[in-house]
1. Take the Cα coordinates of the range 275-346, assign each an equal point scatterer, and use the Debye formula without solvent to give log10 I(q)/I(0) at q = 0.12, 0.14, 0.16 Å⁻¹.
2. Which Rg and Dmax, in Å, describe the Cα atoms of the range 198-266?
3. Can you give the percent of C-alpha pairs in the range 113-193 whose distance is more than 20 Å?
4. Using Cα pairs closer than 8 Å and at least 6 residues apart in sequence, work out the relative contact order for the chain, in percent.
5. Please list 3J(HN,Hα) in residue order for the range 268-277, calculated via the Karplus relation 6.51 cos²θ - 1.76 cosθ + 1.60 where θ = phi - 60°; whole Hz, with x for glycine and proline.
6. Mind ranking 219-230, 61-72 by how tightly packed they are, going by the mean number of other C-beta atoms within 10 angstrom, highest first?
7. Take LEU293, LEU306 and order them by how many other Cβ atoms sit within 10 Å, fewest up front.
8. Mean shadow of the chain, computed from the convex hull of its alpha carbons, in nm²?
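Derivation of every value follows stated rules applied to the coordinates shown; laboratory data play no part. Worth saying up front: this structure is predicted, and the values here are computed from it rather than measured. Here the Cβ positions follow ideal geometry from the backbone for every residue, glycine too, while neighbour counts run over all protein chains shown.
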Amino acid sequence: MKKTLAAAIISSIFASGASYAANIYQGEDGSEVNVYGRLGYNITDKDTNADDTNGEFDARIGLGGSQPINDQFSVIGWGEYQVGAAEGENAGGDSLTPRYVWAGIDGKEMGKVTGGRVASGLIMFTDIVDVFALSDIAAARQVSSVDDTAVQVFRQDATLQYQNSFNGLDFSAGYIFGNDDVNAFNEVLDYGMNVAVRYNLDLGQGGSLAPVLAYQYNEDKGGNEYNFWGIGATYKIGQFSLGAEYSEDELDTGAANKSKDEVWEVVAIYNLNDDWTLRGGYRNLENTDGDELELKDTTLEAQYHLTSRSSLFTSYVFRDGKNGTSGGFGGDADEDFYQLGLRYEF
């Protein structure tokens, strides 16, 4: 089998969180292997004691590819690991922990089926506002109370997922099998399910609009239930884009009251020129009958593009929330923080 090394950077369906991957192997039978990596360093006083400033290293590495079965179907897979990821026992530590690990079948226009720790279709919803270099996803934050592997709702273990796109409609449906990870209630997940739909509207000279609907349900073996739904949209015209979303998630433990988050967020992005991108956003979260967390975050960020794949970031987050009994979210809910960072992708 002849091997070739491609110099071009290509878009990749395997990246599951990477915006692109490099094709490093191409076989005569159509097989290919793609690799993605990210290295970064941040200076920040986020989530630190008093007014301390920390230096934080960030690294990701992902490898995946495809093997054709015939003209219609291919076997596909992707594995991506991160130092300092939010997952598992090594959360925030210096060990490699999995972000995505999955395998599946790509049927082209018939759709794609993947299984494992997949990039959930709910990422179509969270990506509307997940645009900042030092983001924390507030939507669906209570999901890990029932499924310990779902540190973030768009990646969780033991998921079997179907995805397809047709006539401007992107669709995803997933079933989440039980696992052996003990959750906050000393129970294990029984099952879960989710669905997400996005419709891409071309408005011609008026730009483009992409509304999204998302839903997820989880239940553990002790009968604790989790419900999440969200609605949002991204509007783009020229070098400007605007995103907005609203979501609710509810944790039902059988008590008289259910812990409920209501979250709304807006973001704006402006590509000033080839060198500079400016971003701003506001997030509001209020919890009732749970930990009483309140978030009122205003984020301002500037990105300077050193190359097409490497950038300097600087951001400042004004916080005016309340920790309640939560211990905060991504740091003290009432403490501003800043970040200076360098990111290199390959």
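1. Results for the range 275-346 at q = 0.12, 0.14, 0.16 Å⁻¹ read -0.42, -0.53, -0.64.
2. Computed over the Cα atoms of the range 198-266, radius of gyration and Dmax are 16.8, 54 Å.
3. 36 percent
4. 11 percent
5. 9, 10, 9, 7, 4, 6, 5, 9, 10, 10
6. Numbers: 219-230: 19.5, 61-72: 16.2.
Ranked from most to least packed, the peptides come out as 219-230, 61-72.
7. With the sparsest Cβ surroundings first, the list reads LEU306, LEU293.
8. Over all viewing directions, the chain projects a mean Cα-hull area of 18.1 nm².
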